[in-house]
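Peer 1: Provided herewith is a single structure, encoded as structure tokens, for subsequent inquiry.
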Amino acid sequence: MSVTPSLSPSLAQGTASRPDERTLAASIARVIQPRVRDERLYQQGIATGLSELQARVLAGRLTLESCKAPLEALVTPALRHIEHPERLADGRRAAERIARAVAEGEHIGILTDYDVDGITSHVVMLRTLTELFDVPYDRVHSLIGHRIHDGYGISLPLVERIMTLSPRPSLIVTADCGSSDEARLALLKEAGIEVVVTDHHALPQEGPPASAYATVNPTRDDCAYPDATIAGCMVAWLTMSLTRNVLIEQGRLPGDAPKLSPWLSYVALGTVADCVSLGGSAINRAVVNLGLTLINRMQEPCWRAMAERLGADSVPFDAETLAFQMGPRINARSRLDDPYAALHFMLARGDEAAQRALEVLDQDNQSRKAIEAEMVESARALALASLREGHQVIVVHLEDGHPGVQGIVASRLVQQFGRPTVVLTPAAVPGMLTGSGRSIEGLHLRDALQRAHDLAPQCLPRFGGHRGAAGVGLPLAEKDTFTRALQQAAAEQLGERALNPLILSDGELAEGQLSLETLDELERLAPFGREFEAPLFEGSFLVESLRPVGADGTHLSLELSLGRTRLKAIWFRALSPGESPAFGVGAALKCAYKLSRNRWRGRESLQLMLEHAVPA
């Protein structure tokens, strides 16, 4: 006999304890907290030749249990650590079906998500089919949904568009989507269109979609691939690499046919931008490390155009360049408009075409920033009201919000309040809401949404994602029920855990360690990213000078001193527009900071990047 879950009475009635203003202020104050160090990993790092500082940083991010690979594979990322795609469940079946479509001249549709992971997946598949497998361009259909008009994944509008294609593709290969789209896959199958799904998002409880010809997804329970954290673009790359092997086995490609290694530049960008783990994953670290090497050869027009836009001092690119410069520009287009401009930028065959496409992306990114700033201000007020109710999860509904900026706004609220956050805005369908969520360590967001669905199925007809990020679709009339269900699901995972916006510190640096040599030492542990964040330190400094900078005066440029050492520092988004600093010259500051390399006209100097500062 099955038992239908139900909302607990206290949460269903909204009777969570409400904090007073002092408690609330304390709960949202940013706290600098030393990272917990795995002592066994620390000692192992020292024993294998790491410096004390390198071992400290490593053991503050990983544990022996969390490492999916030997320490050497994590510290020295290399191509040999990428596991063979044969280990992917359905990988061989998918590759053989794609190979048959190539060999028999079928029309093939490439259907991907509209974010950076999806766009880079699209580039990998399209360039592989047309340049390595010699499929004519007129036999390949690019299918990317419009975020606002079509929605995420294999949406019904996208299916309807496929049905109008002439000639209609007989095979569609997805990337970064499809695992939760059984209803739409069934429509395609009924129309005689076979679909190979490649994805990395968590599968629904019922497992891989039954109507897919094959589902290549490392999160499958029956998948032997050793790392389920790889990005969608990496799943696409592995699938197409295996297809190359099949075509060679069948004698349709020569044994020395070019490999897909050059496309790892795109995979590196998609991996970083999609915020998959760069912690215990030797595969993700290898992909980003090798991809950055390829990018910095500047052989593709898109990389050269970005380097020109950012300035000569931006080269060589690092993971931070991909995360905070390239990723947002590519994402901005799909957030606000048609995503194909981002695809055209990535595929540009000449520098002039790449520069024109980048100009479009840049303009959209500026528009995105303006929309984001307005939405964040509105969302903060709603978030504070939620926190006054004692909620562990922030759910805000922005009635006039832009659906393309939900995820960024959610991330900003997570940073400020230290709570998992879901931002909802009106969907294209009247009476419906769409939303994006971002989480914290300790709450698996996709699992929490599954639990909310189990508690009240009618409140959450559509959702998907993974541990750190997810998307939802729900009826406006069910918003309050959804909020209560998600609060209960979060409470079951988090328990009585205290939630604060935390700044995790790697400890203090001595005055003599504030040097470019120390930065060189730390950069040998790169790449940095999610679950392997760039080193951050804490310390007390005197303010020698400061001035607001930036178009709206919201950043602070400072000169700080420690003993006899003087250092330049920058603190982005330190102030609100029109706000004055709460301290002046001569003040003692306790700072949380990163070391950075300031390049100017070919010269390098050390600069501190402040994350937080308060009078000491």
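Each reported figure results from applying straightforward, stated rules to the coordinates on display, with no laboratory input. Just so it is clear, the structure is predicted and the values come from calculations on it, not from any experiment. Here the Cβ is made from the backbone with ideal geometry for all residues, glycine too, and neighbour counts use every protein chain on show.
Peer 1: Calculate, in nm to one decimal, what residue 479 and residue 131 gain on full extension: separation in residues at 0.36 nm each, minus their alpha carbon distance.
Peer 2: 120.5 nm is the gain from fully extending residue 479 to residue 131.
Peer 1: Local charge sum around residue 542 (other residues, Cβ-Cβ under 13 Å, Lys/Arg +1, Asp/Glu -1)?
Peer 2: Once all neighbours under 13 Å are counted, the net charge is 0.
Peer 1: How big is the equivalent ellipsoid of the range 505-616 along its three axes, where each semi-axis is √(5λ) from the Cα gyration tensor, reported in whole Å from largest to smallest?
Peer 2: 23, 16, 15
Peer 1: Can I ask one more? Write down the radius of gyration of the range 79-295 and its Dmax, each obtained from C-alpha positions, in Å.
Peer 2: Calculated on Cα positions, Rg and Dmax stand at 15.9, 46 Å.
Peer 1: How far apart, in nanometres, would the label points at residue 542 and residue 458 be if each is projected 7 angstrom from Cα along the Cα-to-Cβ direction?
Peer 2: 6.8
Peer 1: Now for a different question. When a footprinting reagent is the concern and you count Cβ atoms within 10 Å, what order do 277, 386 take, fewest first?
Peer 2: 386, 277
Peer 1: Ok, one more. How many percent of all Cα-Cα pairs in the chain sit more than 35 Å apart?
Peer 2: 41
Peer 1: On the first, second and third principal axes, largest extent first, how far apart are the outermost C-alpha atoms of the range 32-139 in Å?
Peer 2: Principal extents (Cα only, largest first): 58, 31, 22 Å.
Peer 1: Next question, about the same structure. Looking at the range 197-286, I'd like the Rg to Rh ratio, where Rg is from alpha-carbon atoms and Rh is Kirkwood's inverse mean 1/r.
Peer 2: On the Cα set of the range 197-286, Rg over Rh gives 1.00.
Peer 1: Can I ask one more? How many percent of all Cα-Cα pairs in the range 225-371 sit more than 22 Å apart?
Peer 2: 44
Peer 1: Sort 122, 397 so the one with the fewest other Cβ atoms within 10 Å of its own Cβ comes first.
Peer 2: 397, 122
Peer 1: Run the numbers for residue 103 and residue 363: contour at 0.36 nm per residue of separation, minus the present Cα-Cα distance, in nm.
Peer 2: Full-extension gain reported as 89.4 nm.
Peer 1: Before rounding to the nearest 500, sum -39500 (n - 2.57) across all DSSP H runs of length at least 4 in the chain and divide by the residue total; then give [θ] at 222 nm in deg cm²/dmol.
Peer 2: -11500 deg cm²/dmol
Peer 1: On a full-extension model of 0.36 nm per residue, what is the gain between residue 64 and residue 388, subtracting their alpha-carbon distance, rounded to one decimal in nm?
Peer 2: The residue 64-residue 388 span can extend by a further 112.7 nm.
Peer 1: Name the residues whose placed amide hydrogens come within less than 5 Å of the amide hydrogen of residue 64, ignoring near sequence neighbours (fewer than 5 apart) on the same chain.
Peer 2: Hits under the 5 Å cutoff: 41.
Peer 1: Kindly state, to the nearest 0.05, the FRET efficiency for residue 508 paired with residue 79, given R0 = 35 Å and r defined as their beta-carbon distance.
Peer 2: Between residue 508 and residue 79 the formula returns 0.40.
Peer 1: I'd like the FRET efficiency for residue 590 and residue 374, computed as 1/(1 + (r/R0)^6) with the beta carbon distance as r and R0 of 30 Å, rounded to 0.05.
Peer 2: Calculated value: 0.40.
Peer 1: What does a probe at residue 206 reach in the range 437-452, counting residues whose amide N is under 19 Å from the point 7 Å along Cα→Cβ?
Peer 2: 447, 449-452
Peer 1: For 240, 163, which order do you get if you count the other beta carbons within 10 Å of each Cβ and list the fewest first?
Peer 2: Ordered by Cβ neighbours within 10 Å, fewest first: 163, 240.
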